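Each reported figure results from applying straightforward, stated rules to the coordinates on display, with no laboratory input. None of the values given here were measured: they were computed from a predicted structure. A quick note on method: Cβ atoms are made from the backbone with ideal geometry, for glycine too, and the neighbour counts reach across all protein chains shown.
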Amino acid sequence: MPVPYVSRVASVATFVVLAAALAPAASAQDFYRGKTINFIIGYGPGGGVDSASRVIVRHLPRFIPGKPDVTPQNMEGAGGVISGNYLGAKASRDGLTIGLPGRSWFVEGIVKTPGVTFDSTKLTYIGSTGTNNTLLWLRGSLGINTVEDLKKYPEKIPAAGIGPGTPKVTIPNMLVQYGFPLRAVLGYNSSARALLAIEQGEVGAYFTPEDSFAQRPDLVTKKVVVPVLQSKPKAPGVPLLKDIVPAKDQAVLGLFMAYDDVGLMIVAPPDVPADRAEILRKAFLEMAGDKEFQADAAKVGEPVGAPIPGAQLARQMDALAALATPEVIADYRRLGSSK
């Protein structure tokens, strides 16, 4: 029996609609085949950010449809802000440029620091391997083992800093307000350089995540450095930073330490096509659950087992922007300068 004309028209229309809906998905799945993704690293070679980035560069292509090449490019400067500016305003928005600028760089976009051209709430967030714990480490030869010892120390202790606005500078400056004898010193543009400086006695303090010592665990085990404060309750017996900060400064502390709550974030420029962004986000989470990746990540001190999805990171950026009142930003800028 012949199919009625109306039914044939309806069938054709349905096919056209389905084909149109499936075409973008198929196109997106094929987009990365034969292409190269440029992976921007916001710090110099040898430090914790660079080491973590290169583990991701090695493993991520296995999980992206089409298995594109991923090529690392170091673009260091200003605690990750140089690479953040590039990703936020200059890089192509086609999904072929992504990066890991650093740890605290995104806060500069939240507080609209002069010279920052990216908006942290507009970037495309791909994912993070998980939260961090940051500690104040002191050179063991100083004989300081507790917060009380530090406060009584008779001389100013130089603390290695990367750049204005980074927690490596802001936290020592904040502690100075509470009577701690610290002095932030700028110019240490990677953890590798800062660790060498503290090992050689050039500086006596360093506020940095525990994974900074992944390549030099001997500095911790031999007590060349000892921790006296931490941001999260992970190291047994080490007091929490928030417990010595008065209530009036808790908001600005939250701004300083936001990077511990988001970890090392993989980001892309704003306005990456949604289907390509979703491919990258899915690939990142699959990689984060892969045993081979986790083994390599653990070697460089990166957290494994609790990755943060890109969409959640985007929501955290919005919440952080709401926290940044004019008063909090004013405190942030004051404490971010070198003393």
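Per-structure values
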quantity	calculated
Contour excess over end-to-end distance, with Cα ends at THR131 and LYS112 and 0.36 nm allotted per residue	4.4 nm
Helix 167-177 axis, angle to the chain major axis (alpha carbon atoms, nearest 10°)	40 degrees
Sites THR121 and ALA247, calculated FRET efficiency, Cβ-Cβ separation with R0 30 Å, nearest 0.05	0.65
Degrees separating the helix 310-323 axis from the principal Cα axis of the chain, which is the longest one	50 degrees
If the convex hull is drawn through the Cα atoms of the range 134-256, its volume per residue in Å³	99 Å³
Sorted by Cβ density within 10 Å, fewest first, the residues PHE256, PHE284	PHE284, PHE256
Total charge dipole magnitude, the range 134-256, about the Cα centre, Cβ charges on Lys, Arg, Asp, Glu only, Debye to nearest 20	80 debye
Interatomic Cα distance distribution for the chain, bins of 10 angstrom, percent	6, 25, 31, 20, 9, 4, 3, 2, 1, 0, 0
Structure-based [θ]222 nm, the chain - -39500 (n - 2.57) summed over DSSP H runs of at least 4, per residue, nearest 500	-12000 deg cm²/dmol
Using alpha-carbon coordinates, inclination of helix 48-59 to the longest axis of the chain, degrees	20 degrees
Estimated dipole of the chain in Debye, rounded to 20 [Cβ of Lys and Arg +1, of Asp and Glu -1, Cα centre]	160 debye
Computed lengthening from ALA319 to THR221, 0.36 nm per intervening residue step minus Cα-Cα distance	31.5 nm
